[in-house]
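Below is one structure, written out as C-alpha cells; the observations come after it.
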Amino acid sequence: MKNIDKIIFILGLIACIIGFGVYAGMAPAAKSGKKNATGPKGAEIEKWEDNFAAHEAVAWQAPAFDSEEGWSYDLFNSPETIWLASEHRYIAKELPIAQAEPFGVKLISLENPSSRLRISICSTAFPPKKTTDAGKKGGYMTVVTFESPKGEQCSVDFSKLSNVKMTRQEVEGRTIITLTPKKPVEIADRNAALVNLKIVRGQSDDDEGTFYTRYMATIIDRESKNEVVRIPDEFYRNTSKTEAVFADENSETQWRVVETVNADSEEPVFDLETRENPETPWTSLGTKAEFTANSATYVVKVLDIENQQATISKQSEATDRHRRPKVRQAVLDVSPN
C-alpha cells in the first residue's frame, strides 16, 4: 500500500508541474493580445476619418408651431410674447401672425338709451300764496308733458285731478310748492306713474336779482323699479339699460341687443331686435343675446359701455381637426362706419 501511495503522489506532482508550465507559456500571449486591442492604427484610422468627413453636419430644427391649436415652445426656453392689439390677446413672437378671417359682424354703437321719461311743463299761473285762497285748481295747476325719444307725447293735467294735496314751504328765500295726488297717477303708455311735482320759485343771487321758476317731477319707473326725479327739458340717459347695435359686414342687416339690470335681480336680462336696414323698424326676436349671421352663431357676452367695447363669441359651421365646431371670441370696438 505504501508503494501505491508514493506512485499516486509522484503522478500528482508531475501533473501540477505540467499545468504550471502550460499557464506560464500562455500568459505572455494573452497580455500581448490585450495590448494590441487598444484601437486601430495607421491606414485603418485614416479610412475612418474619410468616412466621417463624407457625412454632412446635422441641423437641429426648432419645434414646429401649430397655428390652429396654438403655439408650443422648447422644454426649457419660454417664448417671448407680444400683444396682438387687433385680437386683444398675446401670441408668441416667433409665431407668424396669420391673416385673421373676417369676423362677420361689427359693433356700430354702444350706449345707454335715452330715457322714456323726459318732461316739459306748461303752467297757467303760479299757485296762490295760501292754499285756502278762492279759485279753481285749473287756475294754477300744471300740465306735465312726457315726451318719448320718438317724440310721442302724453300729459298729466293737475287741474283735472281730484284729491291733490298742495303743501307750501319757505326755504332760504325760496318758495316750494309740492303737488301730490292721493295716489300716483299712471302715465299713459310709459309704464310709469307720477308721484308728485315740485314748483320752486326764487330770486337769483346776481346783481339783476332775476326771479325764476323751476320744476321737478318725481316718477316711479316700473321698468327699472326705481323712483327717479326729472327736470324739464333736460336730456336723460336710462342707466339701467345698455344698448348695443351690431351690423352685418356683408349686408345692411342690424341687430340690437339691450341689456337691462333690474334692482331686484343679480343677472342682467337681454332682449334682441333686428331690422333689414337702418330705415326699417326694429322687430323683436325675444329675450336672448344670440343671433345668426353668415352661417355662424354669435353670442354677446359682455357689454362694456365705459370702454366702448363688446365681447362676443362666434361659432361657425366649420370644424377643427378634432371635428369640434370652431369657436372664436373677439372684443369689438365701436366702429360706426
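The values are calculated or read from the model by the stated rules, or taken from the named source; none is laboratory data. As the structure is a prediction and not an experimental result, all values here were calculated from the model. FYI the Cβ positions are ideal-geometry reconstructions off the backbone, even for glycines, and counts take in every protein chain you see. We work out accessible area using only protein heavy atoms, side chains counted, and drop any ligands, DNA or RNA first. Shrake-Rupley method; radii C 1.70, N 1.55, O 1.52, S 1.80 Å.
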Filter pass, Glu152 being under 48 Å from the mean Cα position of the chain (by Cα), open to solvent by 70 Å² or more (accessible area, probe 1.4 Å) and modelled with pLDDT of 80 or more
no
Of all residues being modelled with pLDDT under 85 and surrounded by 16 or more Cβ atoms within 10 Å (Cβ to Cβ) in the range 161-176, which is farthest from Met216 (Cα to Cα)? Just the residue, please.
Val164
What's the number of the only condition in (1) farther than 16 Å from Val258 by Cα; (2) of a type in the set (A, V, I, L, M, F, W, C); (3) in contact (Cβ under 8 Å) with a residue 40 or more places away in the chain that Val300 fails to meet?
(1)
Unique match (being under 21 Å from Asn238 (Cβ atoms), modelled with pLDDT of 90 or more, open to solvent by 40 Å² or more (accessible area, probe 1.4 Å) and over 16 Å from the mean Cα position of the chain (by Cα)) among Asp271, Asp264
Asp271
Scanning the range 124-149 for residues that are at pLDDT 65 or above and open to solvent by less than 50 Å² (accessible area, probe 1.4 Å) gives Thr142, Val143, Val144, Thr145, Phe146, Ser148
Specify the residue that is modelled with the lowest pLDDT; the eligible residues are those in the range 177-192 that are of a type outside the set (D, E, K, R) and part of a loop (DSSP other than H, G, I, E, B).
Ala188
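Report those strands (runs of 3 or more DSSP E) wholly inside the range 279-337 carrying at least 2 residues which are surrounded by 14 or more Cβ atoms within 10 Å (Cβ to Cβ). Show your work before the answer.
Details: elements: 283-286, 290-293, 296-304, 309-319, 325-333.
Where strands (runs of 3 or more DSSP E) fall fully within the range 279-337 and carry at least 2 residues being surrounded by 14 or more Cβ atoms within 10 Å (Cβ to Cβ), they are 290-293, 296-304, 309-319, 325-333.
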What number goes with the only condition from (1) under 18 Å from Ile108 (Cα atoms); (2) in a loop (DSSP other than H, G, I, E, B) that Thr274 does not pass?
(2)
